[in-house]
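Have a look at the structure below before the remarks.
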Amino acid sequence: MSQTEFSDKVVFVTGGGRNLGFAIASAFAEKGARVGIAVRGNAAEGEAAVAELERLGAKAMLTLGDVADPAVCRSMVDSVAKTLGPIDILVNAVGIRPHHAFAEISLEEWRQVFDTNCSSAFYLSQAVLPGMVERGFGRIISLGGSGPGRAGPKHSHISVSKAGLQMMMSEIAMEYGQHGVTANTVVPGPMDTTRLHPPPSGWPPSREMLMKRLAVPRLGKPREIAAACVYLASEDAGFVTGQVLRVNGGQEC
């Protein structure tokens with residue numbers, strides 16, 4: 001793929017200020033895309049990310065706000081369209097992972113996790129799909145979680161939100177494939193990133209045990225997730241939709 005492959009495309013990445021979201025935004029910037037990122041509240045972090053994207057040669061912009069709010073999502077989409085152009089590629093990379101036992105999850109936390117991890121993708125996808133259909137091209141990519149189909153300690157609300165997100169991508173894929181729009185899920189394995197919400201104490205039991213769960217015994221690199229997203233957004237992936245791409249080092253394969 002050339003350095004200008006996405007020169008005519010606008011990409012919007014939620015959670016684009018750090019970790020996987022920033023790596024994804026950077027990868028598209030390097031390929032010539034115009035890139036908008038969404039950051040919830042850390043303006044300094046978002047501005048630094050945009051400065052780096054511009055250093056890579058991209059026209060970039062920052063949107064600030066809570067994507068759990070449908071009105072904020074609509075405002076973000078409108079702002080990006082006004083500044084960069086209509087969104088061609090939406091990457092739902094935002095995610096929060098506070099860990100609590102099932103009985104200890106408050107209603108407020110349940111709603112916050114589900115609205116951030118899943119509902120935000122619903123709001124944003126509804127906002128960008130009409131334009132994608134009109135132009136006959138669109139890519140929606142969401143970062144899933146390893147939880148769907150497999151239980152884990154103290155993250156039931158996270159797993160449920162990510163399972164819903166994965167099914168949403170399948171539904172969009174089914175309904176909009178005829179219009180040139182694809183929707184897929186990328187599932188990261190254990191990644192070398194900074195966690196806002198560390199996993200529960202004692203999980204995993206040890207780094208050694210974690211490595212034993214992987215066919216490739218190391219942590220994943222954010223750029224490896226970014227590369228998967230770039231592929232799924234490409235013209236070459238136009239026949240790939242409704243799929244789950246696990247970039248996880250063969251975790252428990």
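Some values worked out for this structure:
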| read-out | value |
| --- | --- |
| For Leu143: the one exception among (1) touching a Pro at 6+ places or on another chain (Cβ under 9 Å); (2) modelled with pLDDT under 95 | (2) |
| Out of Asp69, Asp78, Asp88, sole residue that is touching a residue at least 60 places away in the same chain (Cβ under 8 Å) and within 23 Å of Ala183 (Cα to Cα) | Asp88 |
| Residue pairs meeting the criteria (Cβ under 6 Å; at least 6 apart or on separate chains; first farther than 8 Å from Ala38 by Cα and in contact (Cβ under 8 Å) with a residue 12 or more places away in the chain, in the range 10-24; second in a helix (DSSP H, G or I) and of a type in the set (A, V, I, L, M, F, W, C)) | Val11/Phe28; Leu20/Ile225; Phe22/Ala49; Ala23/Ala226; Ile24/Ala226; Ile24/Cys229 |
| Test result for Asp69, under 18 Å from the mean Cα position of the chain (by Cα) and among the charged types (D, E, K, R) | yes |
| Positions within the range 91-103 being more than 27 Å from Gly16 (Cβ to Cβ) and either free of Cβ contacts under 8 Å to residues at least 40 places away in the same chain or of a type in the set (Gly, Ala, Ser) (or both), in sequence order | Ala101, Ala103 |
| Gly57 vs. criteria out of contact with any Gly (no Cβ under 7 Å at 6 or more places or on another chain), within 24 Å of Leu232 (Cα to Cα) and modelled with pLDDT of 95 or more | yes |
| Enumeration of residues in the range 86-125 that are under 25 Å from Ala27 (Cα atoms) and assigned to a helix (DSSP H, G or I) | Thr116, Asn117, Cys118, Ser120, Ala121, Phe122, Tyr123, Leu124, Ser125 |
| Single residue of Ala103, Ala48 found to be among the aliphatic types (A, V, I, L, M), surrounded by fewer than 19 Cβ atoms within 10 Å (Cβ to Cβ), modelled with pLDDT under 95 and farther than 13 Å from Val11 by Cα | Ala103 |
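Every residue, every condition in (1) touching a Phe, Trp or Tyr at 6+ places or on another chain (Cβ under 8 Å); (2) closer than 20 Å to Pro222 by Cα, yes or no:
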position: Glu5; (1), (2): no, no
position: Asn19; (1), (2): no, yes
position: Ala23; (1), (2): no, yes
position: Ala27; (1), (2): no, yes
position: Ala33; (1), (2): yes, yes
position: Gly36; (1), (2): yes, yes
position: Gly41; (1), (2): no, no
position: Ala44; (1), (2): no, no
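The values are calculated or read from the model by the stated rules, or taken from the named source; none is laboratory data. The model shown is predicted, which means the values in this text are computed figures rather than measured ones. Cβ: placed from backbone, ideal geometry, glycine included. Neighbour counts: every protein chain shown.
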